[in-house]
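Asks: Pasting in a structure now, in structure tokens, and then I'll have a few things to ask.
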Amino acid sequence: MERHQQALSVAVALALWAGAANAGSEPEQAAGREAWIPVEARNHITGTSGPAAVLFGLAQERGRQRPASLRVHCFDGVTTVHMDADGLRLAPWAVAVRLSLDGGRFVAGSWQASADGGGLELSGDRAIAFMSDLYGKAELRLAVVRPLSVPFVFTFAVSGAEPGLRPLAERCQWSAGPAISDAGR
């Protein structure tokens, strides 16, 4: 599978900056406030554009918290999910993860390290299945399991995923995929 590092458009960069600037220590989103930020993104490598959505959360390692982002985009009909945080350094192969929705049991899975090693990504049907499983949920926790280290835990308030992602799902022609236990494998 060919992997290209995605460059974000100015609109996405501004959305990321605005979200990070407004991210406080509040663990939950304010009532009525849209958590998912829809944007039109551009792939500066191929020149294509497509819908995207960004959600901000927290990453924690050894008691230290830092801002994290969960973003999904669709270029050339391919949906890709990215999860990033400062300080996350991964080797360039599949990464073992464990994820939980709404405080449920953690399910083992595997994501790909991003090209720069600073994040995780899923593409294609696995990305669509993962995003679809967020519908109707309030919280996503994903623990990156690294050898000889403590887990790097991402936490996102994912409520509002269905209405927040509807424009992206419609334009990218998402359909129901496998269960979340299969999405990370």
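Derivation of every value follows stated rules applied to the coordinates shown; laboratory data play no part. Remember, it's a predicted structure, so these values are computed and weren't measured experimentally. Counting neighbours? That spans all protein chains shown, and the Cβs are built from the backbone with ideal geometry, glycine included.
Asks: With θ taken as phi - 60° and the coefficients 6.51, -1.76 and 1.60, list the Karplus ³J(HN,Hα) couplings across region 99-115 in order, rounded to whole Hz; mark glycine and proline as x.
Replies: Going residue by residue, I get 10, 9, 10, 6, x, x, 5, 7, 10, 6, x, 9, 10, 8, 6, 5, 4 Hz, with x marking Gly and Pro.
Asks: A further question follows. About its Cα centre, how strong a charge dipole does region 37-172 have in debye, to the nearest 20, once Lys and Arg get +1 and Asp and Glu get -1 at the Cβ?
Replies: 400
Asks: Which one of V97, L70, A157 has its Cα pushed farthest toward the positive end of the charge dipole of region 37-172, where Lys and Arg give +1 and Asp and Glu give -1 at the Cβ?
Replies: Farthest towards the positive pole: V97.
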